[in-house]
Structures are given as C-alpha cells and as structure tokens.
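Working notes, beginning with the structure itself.
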Amino acid sequence: MNRLRHWIVLWLVTLVTFVGAISWHGYSQAQSSPNANLTLETAGLTLEELGSGVYGLIASTDFPPQNPNAAICNGGIVIGTDGVLVIDPFQNAALANLLFSTVEDLTDQPIRYVLNTHYHFDHTGGNRAAKARGILIVGRGPIREFMIERNKERDPDLTPPNLVLNSESTIWLGDRQVQLAEVEGHSGGTDLVAYVPDAKVLFTGDILFHQRIPYVSDGDIRKWQSSLSQLIANYPDARVLPGHGPITDRRGLESLKGYFDNLERLALSWQQQSLTQAQVLARFAEVPAPYKDYKFHGLYQGNLETAYQQITLGEN
Ligand SMILES: [Zn+2]
C-alpha cells in the first residue's frame, strides 16, 4: 500500500512539473515573440475555396479584436498557371507571412503580386512582409499618399505599394486573368475590386462589409450606394468575398445597399425633424433590429455621424 501511495505521489509530482514546464515555456515564448505560434486558427481565419485555385481566408473576429494577433479583414489567394496573386495581407507582417505560408501549402508557384484593395491599415500593414520577399505590391490612386499621411501611427514601418494603378487593369497569372476595377465610397479614392472571370469570383475589398456594421467615417455614403448598384449589375452571378464577413453573392451586396438606403431614409427624417447631431446620437444609438446580429457594433455611432453630416446637412 505504501509503495502504491509513493508511486502515485511520484507520478503526480512528475505530472505537475511537466505541465508547469510546458506552460512556462508557452508563456515565455508568448512574451518574447507574440507571433511565434500563429496559425490560421489562432489568427481567427478559415481557409475556404471560392473556385478552382481561388481561395478566401475569412476572419471571424469582432472589432476591435480582443486578440491582437487576430486578422481583422479577409485575405484572398488567386493561383494562376505561372504565379499567384494574394489580396490584402492583413494588419501585420506575421499575419502576412501566415498568408504566404498558406499559399505555399496550396501550390509550388511563386507569389508574384500582393494587391491592396485600399489603403486602410488592416489591409496593408502586412505589406512589409511582401517587400521583404521582393513581391510587387499593387494599389490604386492616392494610396501611397494616404498611407503615409494617415497610417503612420498605427503602422510605423509602413510599406506603400510600388505599383500604383489609375485605371481599370488586368493582371495575368499565366493563362488566368484577374480584372481590377475602380470603385468609390469607402476610402476616398483608393478602393478597387478584383474579379477572376474564369471562376466568377469577386473580391470586393471594403466596398462590401457582410454581416458587419460598415466603417463609413472615411467614406462617402452616396458614392458607396452607387458602387454597390454598379457591382450588383456588373457581377450578378459571382461568388463574392467581402472585405469583412463571410462569403456571399449578390445578395450580400444587396443587403449592404439596403442598409445604406435605410440609413439615408433615417438621415432625411432627421432633416425633416430638424434634429441636432447630439439629439440623433442620443435617440438613435441602438443598432436597428435587422442588424442586431451583425458584428462591429462599435462602428455604428460613426455611421450616424457620417449620415448626419453627409445626408442630413448635405455636407461632403
Ligand atoms: Zn477599410
């Protein structure tokens, strides 16, 4: 009996020491290198195939993220016949490298292009990892100027695109084409969408937030509404990867259009009632019932302020 007790105690001591060592190891690793154990799972990302050789990495976090290593936006991967294009390398180099290693698990082909759908830090902070690998970084319009002026605080080591487009363009990945089209409304002239015609897959960037309250404080609601109408008309049967939120199709574009139409109606009713912005913020603070299940509720007040300024007051 004594021997058995002795054996159990010895076994318990060994177990406690072992578990303790593992946790300490994990803890010190997390302290010295917070991204050392980054995986799709810990980054809150799910890899989904959108078409043959076309993938989305879909982010599940709310905003702002509780976990600093969680990816905020969605990423995209297009594998052609002689190279790969990746879309929106997330907000830091560790997440970008996770995107690149995900590509390496899918194909032996080299990553030739990183595309920024617009300048916001959560879509461009990973650019420096692309630059370190010598990958061409593509963006649109005033993206370099906007990044340098506006992202500096969030991204001290910022890396703007080195290929800037100012019109509709096509990137060829061997036999496969990716069509880039300019859209307006989310980020003041740097928004673009990418379409893979042979797979009928559309990457919208932040012109589409799906099941998320959109970030409009940097945007133009009326331009955004017409961009959504244009996308619905131009890509009626595409699979759609939004900038934020799950995979959808034209119904996702239609529901964000409906969201803005409701917001516009509200803002016009504030005008008729001659409400002040303070009254609007106090009375309409709650997210309307149809959008209660959306994530990003923290962005709703900014929607009210922007709608008040742009629609109620008619300022732009
Ligand atoms: Zn954005």
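The values are calculated or read from the model by the stated rules, or taken from the named source; none is laboratory data. These numbers come from a predicted model, not from an experiment. We place every Cβ from the backbone using ideal geometry, glycine too, and count neighbours over all the protein chains shown.
State whether the residues of segment 262-280 include one that is closer than 26 Å to PHE90 by Cβ, more than 16 Å from the ligand (Cβ to nearest atom) and surrounded by 15 or more Cβ atoms within 10 Å (Cβ to Cβ).
No: zero hits.
Within segment 164-184, can one find any residue that is touching a Pro at 6+ places or on another chain (Cβ under 7 Å) and not in a strand (DSSP E or B)?
No, segment 164-184 has no match at all.
Restricting the first residue to segment 217-229 and requiring it to be touching a residue at least 12 places away in the same chain (Cβ under 8 Å), which pairs with a second residue that is away from the ligand (no atom under 15 Å from the Cβ) and part of a loop (DSSP other than H, G, I, E, B) meet a Cβ separation below 8 Å and a spacing of at least six or different chains?
So the pair list comes out as ASP220/ASN316.
Out of (1) touching a residue at least 24 places away in the same chain (Cβ under 8 Å); (2) surrounded by fewer than 20 Cβ atoms within 10 Å (Cβ to Cβ); (3) in a helix (DSSP H, G or I), what's the single condition that is false for GLY258?
Of the numbered conditions (1) touching a residue at least 24 places away in the same chain (Cβ under 8 Å); (2) surrounded by fewer than 20 Cβ atoms within 10 Å (Cβ to Cβ); (3) in a helix (DSSP H, G or I), the odd one out for GLY258 is (1).
Give VAL114, VAL19, VAL78 a once-over and let me know the one that is modelled with pLDDT under 95, not in a loop (DSSP other than H, G, I, E, B) and not small (Gly, Ala, Ser).
VAL19
Among the listed residues LEU45, LEU95, identify the single one that is surrounded by 21 or more Cβ atoms within 10 Å (Cβ to Cβ), over 17 Å from ALA194 (Cβ atoms) and away from the ligand (no atom under 16 Å from the Cβ).
Unique residue meeting the criteria: LEU45.
I'm checking my understanding of the structure. Among residues of segment 51-75 that are assigned to a strand (DSSP E or B) and within 30 Å of HIS297 (Cα to Cα), which one is farthest from the ligand (Cβ to nearest atom)? Quick ask: steps written out before the conclusion?
As a first pass, look at segment 51-75 and keep what is assigned to a strand (DSSP E or B): 51, 54-59, 75.
Then drop every residue that is not within 30 Å of HIS297 (Cα to Cα), which leaves 55-59, 75.
Numbers: TYR55: 21, GLY56: 16, LEU57: 16, ILE58: 16, ALA59: 13, GLY75: 14 Å.
Top of the filtered list is TYR55.
I'd like the full set of residues that are part of a helix (DSSP H, G or I), more than 16 Å from the ligand (Cβ to nearest atom) and not aliphatic (A, V, I, L, M), limited to segment 212-251.
Answer for segment 212-251, where residues must be part of a helix (DSSP H, G or I), more than 16 Å from the ligand (Cβ to nearest atom) and not aliphatic (A, V, I, L, M): ARG222, GLN225, SER226, SER229, GLN230, ASN234, ARG250, ARG251.
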